[in-house]
Amino acid sequence: MSQQQVEASADGPAAESSDPAEPAQRSPREIRLVMVGLVVAMLLAMLDNLIVGTAMPTIVGDLGGAEHLSWVVTAYTLATAASTPIWGKLGDMYGRKGTFVISIAIFLVGSALSGLSSTMGQLIAFRAIQGLGAGGLMVGVMSIMGALVAPRDRGKYQGMFAAVMALATIGGPLVGGFITDHLSWHWTFYINLPLGVLALAFIVVTLKLPTTRSTARIDYAGAVLLTVGITSLVLITTWGGQEYDWTSKQILGLGALAVATLLGFGYVEQRVEEPMLPLDLFKNRNFALVSVIGFIVGFAMFGAVTFLPLYQQTVQGASATNSGLLLMPMMFGMLVISLVVGQAVTKTGKYRIYPIIGTAVMAGGSLLLSTLSTDTSRFTSACYMVVLGAGMGFLMQITMLVAQNSVELKDMGVASSTATLFRTIGGSFGVALFGAIFNNQVTSTMKDRLGNAGGSQGANLSQMGPGALRKLPAAVQDAYHHAVSNGMHTVFLWGAVISLVAVAAAVFLHEVPLRGAGTQKPEPSLEAV
């Protein structure tokens, strides 16, 4: 058992709760003010990579070091993924408000330093600092939300977060392009500063939470082992099939390191007083099942976000300038359904049906997208994207809601960080696996149509922009269009098959009454079921 105590809060008696398993009662005005800070912080977390990605060619032209280009993204991703569970646990042990404020501050320091970078090495190092802060942003938003609002009432606010996700996906590349063209690439980082200060101001002034102090020691061994394990997994998915062959000693070595450290982590967590990630949480059936569903949602979503724009630009001839707009149909479906489901959950207190519908619709959307061909119209592909987005809309916030409803309030940070981590790792594996499948299919199709020379050419063509592709001979263009279409078919067909695992997991979820709807206890563990 953890040794935590809740002291009298400096924030005032309004922060106290009559039941430690239940969020304290808040006035609608107080919640709305805090939501401003949370929404801005979430926007920071989601917008950064999308804005910076658009500016990367300009950054390389200015700083040089093109051979290290991928590390600008990888350093940020690694630091974010590795720090996510640590931020969640620190919030549970020492107070969510304080750790959230610190994570925002670290993110802003990393942003300012990144904007000041004069070499590629500096930029990579400062992006890692930025990523450390980013790991606490999403976790902080979700765990504070869980501490402020009872699960049943949380649906009222789901639409805000779905809207932020859609806004970031669509607006990120647009903002990045505008800043790069009219200001300088430095401002792709500096733009975080006023937004971050705004978030800090609202959180510091308006957020009232009990001050938590833990007398237990921090699980340093668990933190190190988990960090190494997560880092190894992310590097495998980042480097596999790109920097190194999947069967290379580097990838196999990372795989062995991941297995060893994660097994060691499991051993340590069963023996420490305050584990970094209490493995007993996975004895809770709903928590374990939504972790699986979250992994597959990340798998499907990031795979779609990665490959759909490629198909639209190369085969359908869409402009790459406003690439974020290409995903608008999917984001529209996600936003609308998330709003509807959130209101329905708040009204009825029931949620089990929505993961079942969502996983089935997500599988159906992936199956529809697997039918994309060289003559599929933009309208038809947009309709298929709406279906996939709708499936995700049923799931994006519900998986977090169920995870948080399955634990006591003292473990809200760990529940939030675990749900976020599974979705992140799922996305990394989705991009890596789908990328390997896609590239193999493209190479195979090019070889069938143009011979061995075409097969070797396929990998090079995937690195070219739509404008350069249109300058190639008509026969090569036609072969590549068919290769991309075949790649999309295989990728989304596998996506549909993998989504069926999420359907099966959703079917076994239990309808546990949401706290705020007559109960304040999490679901019993599997041992009691």
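The values are calculated or read from the model by the stated rules, or taken from the named source; none is laboratory data. Everything numeric in this text was worked out from a predicted model, so none of it was measured. Reconstructed Cβ throughout: ideal geometry from the backbone, glycine too, with neighbour counts over all protein chains shown. Ligands, DNA and RNA are stripped out before the accessible areas are found, and what is left, the full protein with its side chains, is counted by its heavy atoms. Shrake-Rupley method; radii C 1.70, N 1.55, O 1.52, S 1.80 Å.
General remarks:
- The listed peptides 336-342, 443-449, ordered by packing as a protection proxy, come out as 336-342, 443-449 (highest mean of other Cβ atoms within 10 Å first).
- Protection proxy ranking of 397-404, 275-282, by the mean of other Cβ atoms within 10 Å over each peptide's residues and highest first, is 397-404, 275-282.
- Check: the stretch 344-435 dipole with +1 on Lys, Arg Cβ and -1 on Asp, Glu Cβ, in debye: 220 debye
- The apolar share of the surface of the stretch 332-440, taken as the fraction of accessible area on carbon and sulfur atoms (1.4 Å probe, ligands and nucleic acids excluded), comes to 70 percent.
- Net charge contributed by nearby residues that have their C-beta within less than 14 Å of Ser111 (K/R +1, D/E -1): 0
- Sequence of Tyr267, Tyr94 when ordered by accessible area, the most exposed leading, probe 1.4 angstrom: Tyr267, Tyr94
- Residues whose amide H lies under 5 Å from that of Asn284, counting only those 5 or more places away or on a different chain, are Leu526; hydrogens are built 1.01 Å from N in the peptide plane.
- For the stretch 368-376, 3J(HN,Hα) computed residue by residue from phi via the Karplus equation (6.51, -1.76, 1.60; θ = phi - 60°) reads 4, 5, 5, 8, 4, 9, 5, 10, 6 Hz, glycine and proline entered as x.
- For the stretch 272-311, Kirkwood radius (reciprocal of mean inverse C-alpha pair distance, Å): 12.3 Å
- Peptide packing for 108-121, 477-490 was compared via the average number of neighbouring C-beta atoms within 10 Å per residue; ordered from the highest value, the list is 477-490, 108-121.
- Accessible surface, the stretch 37-148, averaged per residue in Å² (probe 1.4 Å): 28 Å²
- Dipole axis of the stretch 202-302 (+1 Lys, Arg; -1 Asp, Glu on Cβ), positive-most option in Gly298, Leu257, Ile203: Ile203
- Principal axis extents of the Cα atoms in the stretch 218-336, from largest to smallest and rounded to whole angstrom, are 57, 41, 22.
- Relative to its Kirkwood radius, the Cα radius of gyration of the stretch 63-202 gives an Rg/Rh of 1.00.
- Probe 1.4 Å, all protein chains present, accessible-area order of Arg32, Arg217, Arg285, Arg96, largest first: Arg217, Arg32, Arg285, Arg96
- Scattering curve values for the stretch 158-286, log₁₀ I(q)/I(0), Debye with Cα scatterers, q = 0.13, 0.15, 0.20, 0.21 Å⁻¹: -1.03, -1.10, -1.04, -1.05
- Per residue, the stretch 379-440 exposes an accessible area of 24 Å² to a 1.4 Å probe, with every protein chain left in place.
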